[in-house]
Amino acid sequence: MATKWKNTTITRCKAFLKHGGGRILASILFGLIAFYFFYIIQDRKYNYITMETLRLSLLADIFLIPACALALRAFLEQNARKRPIDASFTYNDWKQSARKLQNMLYLLFAILLAVSVISFLNLIESFRRADSWMYVSNYSSGYVMIFAVFISFFTCQTTLSRFLAKQLDLIMANTANANQKVIDDAVEAEKRSVAAAIKSEQLKVDLISNVSHDLKTPLTSMVGYIDLMKKEPLSDTMADYVDVLSVKARKLKEMIDSLFSLAKTSSGNIELHPEPLKLNRLVEQIYADMEDAISAGSVEFIAELTAADTELITDSSYLYRICQNLVENALKYSASGTRVFLKTKSIPTDTGRSIRFEITNTASYHMNFTKEQIVERFSRGDESRTSDGNGLGLAIVSTYTSALGGRFDIFIDCDQFRAIVEFLINGDGAVVRQN
C-alpha cells in the first residue's frame, strides 16, 4: 500500500511539473521575495529616505517581473489545454480568446492601479495628520507601488502578446497545411481526371484505328469488284448504278483512310521522314494536281506566292496533305462566284524565319462557330450538311500541323474564313516546334 501511494504521488508530482507546475512554483518563490521587499518598504516607510526606498523597490521589481511572467504563462498554458490549437481552431476563435484575455488583463491592471493610488492617497493623508515631529513626509513608498503596478502590467502584456503570437503562428501553420491538403487533393483529383480522359481518348483513338483498319480490307475488295463490274457488258441503268456505287465506295474509302490516318497521328504512332522542300513548289504541285477540280468549281483561285525563300525541312507527304485539305475545304464551302486567295510568306524572326501558308475564302453559310469547334473530328461549319464533306478536313490539318511542330490558326470575320499554317525555321532550315 505504501509503495502504491508513493508511486502515485511521484506520478502526480511529475504530471504537475510537466503541465506548468515548475512555473507556478518558481512564480510563487519570486513573488514571495518581491512581496518581502515591498513589505519592508511599507513597514519602514517613515524611516527610509528616498534613495533607500528606490533601491529596495528595484530589488523587488527584479523578482516581480519573472513572478508575473511565469504566473501568467502558467495560466495561459492551462487555459490553452482546455481548447488546444488544432484544425478546428479558427482565426475567429483565436481573436475572441485574445480579446477575452486582454480584457481580463486590463481589468486586473485597473484594480491594482486603483488600490495603489488609494494607498498612496492614504499615505499622503497619514503624513498630513501626523503630529509627531519625528515623522518626515516621504512619499517614495507610495509611488514605487504605483510603478510596480505599471511594471507588472507591461510584463504581463509582453508575455500575453508573445503567447498569442505563437498561437497565431500555429493557426496559420494549420491553415496552410489544410489549404495545402486541399490543393494536393484537388491536384490529385485533376491528375486522375486527366489520366481518365487520356485513357478514354486513347480508347476512342484505338477503336477508330482498329475499326478503320478492319473496314479497309473488305472495302478495298468492294472497290476492286466494282471496277471489274464496270468492265462487263451492262445495261445503261445498271452501268449508272455501278458508277454511283464506284463514286460512293471511293469516297467511303477516302474517309476511312483519312480517319485511320487521323487516329494514328493523334496517338503519336507516326513515323516522319523530314526532307528539304520548298513550300512554293509544293503549293504549285497541289494546284496542278487539283486543276480539274478547281476548273470545274464555281470559285476563282488566286495564288500570291512570295518571292522569298520558302525552303524548310519537314515531311513532304504530311505537309502536302495539310495544304491539299485546306484547298479542298475552300472548294467545298466557298460561296459561288467568290475568290479564294492562296498565299505563302517568309517572315524573318530573331532565330530564323517563319514560313506561312494562308488561304482565305468567303463561306457560303453563316459561320457561328469557334476554332476549337471547327477542328473537332466530324464537325462541319455547314450544319445543314448540304455540301460535300465529312468533317475531317480541318481536324486532319490541325493534327498533322501539330505533329510536324507547326501552328494552325483560324480567323473568322463575318463570312470571311482565313486559315494559317505556320512553321518556325531555324538557321539550318529545321522546324522549331511551337507550343
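Structure above, values below:
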quantity: Complete set of residues in region 270-302 that are within 28 Å of Asp428 (Cβ to Cβ) and not charged (D, E, K, R); calculated: Ile270, Leu272, His273, Pro274, Pro276, Leu277, Leu279, Asn280, Leu282, Val283, Gln285, Ile286
quantity: Hits in region 298-336 - residues which are of a type in the set (S, T, N, Q) and open to solvent by 60 Å² or more (accessible area, probe 1.4 Å); calculated: Ser298, Ser317, Ser336
quantity: Sole exception among (1) within 48 Å of the chain's Cα centre (by Cα); (2) modelled with pLDDT under 80 for Lys166, by number; calculated: (2)
quantity: Every pair of residues 6+ apart whose Cβ atoms lie under 9 Å, when the first sits in region 101-113 and is outside any helix (DSSP H, G or I) while the second is of a type in the set (A, V, I, L, M) and surrounded by 15 or more Cβ atoms within 10 Å (Cβ to Cβ); calculated: none
quantity: Members of region 44-85 found to be of a type in the set (D, E, K, R) and modelled with pLDDT under 75, listed by number; calculated: Arg44, Lys45
quantity: Pairs, first without any contact (Cβ under 8 Å) to a residue 40 or more places away in the chain in region 66-88, second assigned to a loop (DSSP other than H, G, I, E, B) and surrounded by 13 or more Cβ atoms within 10 Å (Cβ to Cβ), C-beta under 7 Å, six or more apart; calculated: Arg83/Phe89
quantity: Qualifying positions in region 300-309 - in contact with a helix residue (DSSP H, G or I) (Cβ under 7 Å, 6 or more places away or on another chain) and either of a type in the set (Lys, Arg) or within 18 Å of Thr338 (Cα to Cα) (or both); calculated: Phe301, Ala303
quantity: When residues of region 401-416 are limited to those that are farther than 16 Å from Leu279 by Cα and not hydrophobic (A, V, I, L, M, F, W, C), the one surrounded by the fewest Cβ atoms within 10 Å (Cβ to Cβ); calculated: Asp413
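The values are calculated or read from the model by the stated rules, or taken from the named source; none is laboratory data. Worth saying up front: this structure is predicted, and the values here are computed from it rather than measured. When we count neighbours, we look across all protein chains shown, and the Cβ atoms used for this are built from the backbone with ideal geometry, even at glycine. Protein only, heavy atoms only, side chains kept; ligands, DNA and RNA dropped before computing areas. Shrake-Rupley method; radii C 1.70, N 1.55, O 1.52, S 1.80 Å.
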